[in-house]
Structure formats: C-alpha cells, structure tokens
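First the structure, in the form of structure tokens, and then the observations on it.
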Protein chains: 2
Amino acid sequence: MSNINSRIRLVIHGGAGAIARSKITAERELAYRQALTESLAAGYAILAAGGSSIEAVIAAIAALEDLPWFNAGKGAVFNHDGRNELDASIMDGATLMAGSVAGVTAIRNPIRAAHAVMTKSKHVMLIGQGAETFAAEQGLELANPAYFFTQHRWDQLQRAIAKEQILLDHDEESSLSSSDEKFGTVGAVALDCNGNLAAGTSTGGLTNKRYGRVGDSPIIGAGTYADNRSVAVSATGMGEMFIRIAAAFNTAAQVRLRQIPADQAADNTLAEIAAINGTGGLIVVDAHGNFAMRFNTSGMYRGTIGNDGIAWTGIFAEN
Amino acid sequence: MSNINSRIRLVIHGGAGAIARSKITAERELAYRQALTESLAAGYAILAAGGSSIEAVIAAIAALEDLPWFNAGKGAVFNHDGRNELDASIMDGATLMAGSVAGVTAIRNPIRAAHAVMTKSKHVMLIGQGAETFAAEQGLELANPAYFFTQHRWDQLQRAIAKEQILLDHDEESSLSSSDEKFGTVGAVALDCNGNLAAGTSTGGLTNKRYGRVGDSPIIGAGTYADNRSVAVSATGMGEMFIRIAAAFNTAAQVRLRQIPADQAADNTLAEIAAINGTGGLIVVDAHGNFAMRFNTSGMYRGTIGNDGIAWTGIFAEN
C-alpha cells in the first residue's frame, strides 16, 4: 500500500476571465466554491483509492459539466442558431493516447465521448453528427436540447444578438450587462499514484458563435495535452490565440526541452498569448506533483487537492 | 530590387506512404513528377515576383487540389457514406495568424477556405456546414459532388468496404490491390523574399472514414505550423499519431528551444511518431532558407524550388 496516496494531485479550472470581486455576491461566490469542491471531491475519491488520472479527470470534469454554473455540458452557452454545440478532449500522458469531439449537440457529457473516442476508436478527433452517432453506438448517455437549456444562457444569447457580439465566456459582465454571472470552459489535470498524468477540457465555446466555430478545447496540443515525460495541461480563454500558440503542447515542450518548472512554462506560454492580444489561463501538473494555476485575466475559477484530501479553491487573483 | 529572389524557397509534398518503384510505371511516375513541377511553378511564380509566402503556399496547394492525382480537392478519397469530406489549414509565420476548415464537402479549394477563415473571420477553425456557409458568403468557388468524383477513388472505397478496412492514402497497393496508384495529402511550406514563412496542408482524409473523423491536416500544431522565429512545417501520414505528437509545432519548438537544424528536428519528430507506431513525413523550411523533406515510409511525393527556379522532384527514398 506504500504507493497509494503517494503524491497524487488534481487541479481543475472553470474558466478564466474578467472576474471582479466587487460584482460577485457572497452567495454566488459560495456556490462556485462549492461546485469546484464537488468536482475536486469526485476526482480525489478516485485518486485516493488508487484509481487512474484519466478516471479522475473524467470524474472531475463530468461533475462540472453536470452543473449549470459552467460553460460545459448543462449550462453551455448558445450558438447563433440557439443551439448548444459542445467540444471536449482528453489525453493520457502514459500512452499519449487522446480523444476529442467537436460540435456535438446531444451528448450529456462530452468528456466521456472524448474518452470513448480515445479508447474505443482508432481515431483521435470526431466532429458533428458523426461524433454523435459514434457516441450513441458506444452507449453514452444522450440528452435533448431541453436538458442543456438554462435561462441565463438564453438571455445571454439574446443580448449578444442584440449587440451583434460574440462573447467570451467571462466578458459578459464588463462588456454587456451588469449581471454578476461568470462562467467558463472547464478542465482538469491529474497525477495518480502510479505516476501517470492525464488532462481534459470541455466547453460550450462562445455565446453567439457561428459557422461551426471550434476553439482550443477539443484540439490536442492547444486546449489539452498530457505526457508523463513533462506535464499535463488544460487551457481556458480566447481559444483562437491558444490554438495559434499551441498552448498546451507549448507548455509541455518547454518543460521537456528546457527543463524549466511547470509554473514558469505556463507563464511563458501566457506571455506568448498576451503578445498576440490573447487572455486566459492554464492549469498544469508534472509527474512529481508540482502544479500551477496561472492566468493573465483578473480571475480564474480553479481548485486543487492532493494527498491530504483538503480541497483548495480560488476565483480571484489573490484567491 | 536587391532583396527580390533573395533566398526564396518553396517545398511541397503530395503524401508519404509505401511507395515501391517496382510498382509504378514510367508513365505514371512522369505524370506525378509533372504534377509536382506544376505546383512548384505556381508557387515559384509568386515568390520570384516578390509575392508572399502565404500566397505561394495557396497557389502550390490549390494546383495539387485541382489535379485528380492527390487526396485533396478533386481526387479526394470517399468516406464510408460515399462523400468527400475535406480538411485544410494554413498559417502565416509572420503574424501567427492561422485558418482551418474540417469536414467540408462543397468547397472546390479547401486551402482557400482556410485562408478566408484566417483573414476574414475572428476564428481559426470552422467545421462542417457552418464552414461551408462561411465560405459561400466569402464568395469562394463551390463544387458539387460530381466535381470531386474520380472513378479510382470510388473503386478504392468499394474495395475498402468489402474488406471493412480504413485505408491510409498510400497503403492501398500493398494491402488491398495491385494498383500502382499512390496518392496523398498535400502540403506546402515557403519562405518569401521578405523572410516570412508560411505553411499549409489539404486532404481528403482516409478512405472509408466514418463518424466525422478528422486527422492532423486541419489541426494547427499537428498538420501545419509556421513561425518566423523557427520554421514552417506541413505533415502527412497517419494523422492520429501526428496529432498525439503535435508534429508540426513539435518540430518548430525543437528548432526554437533547442536551436537544432530543421532536418534534425523533423527526424526527432518522426522518431517520436515511430515510437507510437506511426508513419509519415514532414516538410520544413526555416527563415534562412534551409529546408528538409523527411519521411519514415518508403516514399513521399515531394519537390522543392529556390532562387535558381529549377524544380526538383522526388518520390522514392533515393529520389
């Protein structure tokens, strides 16, 4: 039993953005911290029992997908046509196996569909109706549009259409409304007791998005990457900038090729993203259990848990 | 005029695979070399006149898309449903701007659609029907299924269905038929007289593919990457493995972070791909005009042209 619970680590995020403490009520803040804690508990239960980092990542992300507070699964934003188009990806650092779905509308937990692509197909990425057919054949739970519907997201779309704007998850408050609602892409990275890393990300993308737009979340190398030789990474933010910088792989490559710590690598990646006017955040964990939660926005919903089983959560820069 | 024609370089590929000299007739070989030479000439005309690397990449790739010999544009393979689903991406090394389309069926030149995404939208990647709507709004030339139809691809699909196999572009001869036809994903990388790099890739994916499968070609960082600080890269081969290794960005990252030559970086990337049982090839050019055409298969359709305007083409390992 000596290696059970030895240096396990789970880190999660629920999106980065312009999150001002002054605009979030104590009640709302508590609800977010509880949601993050639930996700951490779901992943920790697996890691503490000797389970794999992949299973922990799925459990942590599925918990966030099932809550209406984040822009993933239930609570996802609406596209221009009034539909929820979901993207997710997952990667196993031990084998470099990976799976991804993009533009799916009827899968309750896109992260589970991404995992099914990884484990049950020869492929890495499936998109659109084809991905849904595959998920249905694999027996994954489907959901109808009513399941994904949330009134606040619908109202958000109407406001965005009225202003002809494409919203980033977290920019609504400052740019469009006085609502104190802040939401985001979700992600998780984990180290299990066998030293294996995994990463995953799930999102509804941009409010009022059109033309089948896909961001970084379902792109292996951009939104998600895991390699036992370096780190596991999940990203959130302005997806286009994260794709152009290959944010997740970029961070892993720095750790592997320059042998710098995970937090420095994340900061370097965010500096590259800032250089092309991008904002967002990254969570990272390495094979020794060192981890980082870095962002160049005013806040990022985030949390972590390790051997001691004590969940830590953060929202604003200072915590 | 001193900088015009100074160290320009264009490198193209038309796919890598199990290409045996003994199975290709002299007539067929000549046709391929002529096709590659036409593509090189189209790109060279732009570079020699002082045009941009992006324009040269588009011209070189569009020429190959328009020929029935390669698995891109006209001549693309059929998916399981008997349709042509096309993917393409392009990236500008000067600005790190990028564009990509995946799963499109009615755009004559997917590389031009990828370029339109890069220049005319806020996004990097558009998929499916949404991407087609965008392309149509941008005035790009559409094509109906009859345009993409080629008898040999149709026959290839029927054989694949009969054998319930998903074919890699170039594996048909050895595994499924005695045909001497060898085809592939196409790509180009270029350095222009202003020292700017660009890369692009276009494909029809896998014969008999299902479920909206997307390979590495439309993935920025996997199939395509360009950064003036390092190199421009286009990949071809078993797409899933190239995604898992983030092949194109990986190659660029090595040049930038380890400061090794482009050919060594390409070989290292192919070694990582081989380690997960992947095969394929990479073309690379750096900002000094150094270039590489590397593959771990028996052949890769390829060619290059520089200041002297003399087109060089290769098919087999030895040339």
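Miscellaneous remarks
- Position residue A:260, label points 7 Å along Cα→Cβ, spacing to each other copy in nm (shortest first, one decimal): 2.0
- The mean count of C-beta atoms from other chains within 10 Å of the C-beta of residues in A:113-125, rounded to a whole number, is 4.
- Assigned charges on the beta-carbon of Lys, Arg, Asp, Glu; chain B dipole about Cα centre (debye): 300
- Label-to-label distances for residue A:50 across copies, nearest first, come out at 7.2 nm, using points 7 Å from Cα in the beta-carbon direction.
- For residue B:258, the solvent-accessible surface with a 1.4 Å probe is about 120 Å², rounded to the nearest 10.
- Chain A: C-alpha gyration tensor shape, a/c 1.5 cut-off, then a/b vs b/c: rounded
- Using the Cβ-Cβ distance between residue A:288 and residue B:151 with R0 set to 60 Å, the FRET efficiency works out to roughly 0.55.
- Cα radius of gyration and Dmax for segment A:193-235 (Å): 13.2, 43
- Working from label points 7 Å from Cα in the Cα-to-Cβ sense, the residue B:317 to residue A:308 distance is 5.8 nm.
- Links that overshoot a 31 Å alpha carbon limit, given the list A:209/B:209; A:120/B:120; A:122/B:23; B:74/B:120: A:120/B:120
- Inter-chain shielding of A:90-99 (mean C-beta neighbours from other protein chains, 10 Å cut-off): 2
- Ellipsoid equivalent to the protein assembly as shown - semi-axes via the Cα gyration tensor, in Å: 40, 24, 24
- Simple spin-label estimate for residue A:133 and residue A:162 in nanometres, 7 Å along Cα-Cβ: 4.1
- Percent of beta bridges antiparallel (DSSP, segment B:62-147, rounded to nearest 5): 70
- In this structure, residue B:28 and residue A:210 have a Cβ-Cβ separation that, at R0 = 41 Å, corresponds to a calculated FRET efficiency of about 0.40.
- Computed over chain B: relative contact order in percent, which uses C-alpha pairs under 8 Å that are six or more apart: 26
- Within the full protein context, the accessible area of residue A:192 is estimated at about 10 Å² for a probe radius of 1.4 Å.
- Surrounding net charge for residue B:46, when Lys and Arg each add one and Asp and Glu each subtract one, Cβ distance under 10 Å: -2
- By the Cα gyration tensor, segment B:195-284 has an equivalent ellipsoid whose semi-axes, rounded to whole angstrom, run 23, 15, 9 from largest to smallest.
- Ellipticity estimate at 222 nm from DSSP helix runs (n ≥ 4, -39,500 (n - 2.57)) divided over chain A, nearest 500: -10500 deg cm²/dmol
- Total formal charge among the other residues, if their Cβ is under 15 angstrom from that of residue B:256, Lys/Arg +1 and Asp/Glu -1: +2
The values are calculated or read from the model by the stated rules, or taken from the named source; none is laboratory data. These numbers were taken from a predicted model, which means no experiment stands behind them. Glycine gets a Cβ as well: all are built from the backbone with ideal geometry, and neighbour counts include every protein chain shown. Note: areas computed on protein heavy atoms with side chains; ligands, DNA, RNA excluded. Shrake-Rupley method; radii C 1.70, N 1.55, O 1.52, S 1.80 Å.
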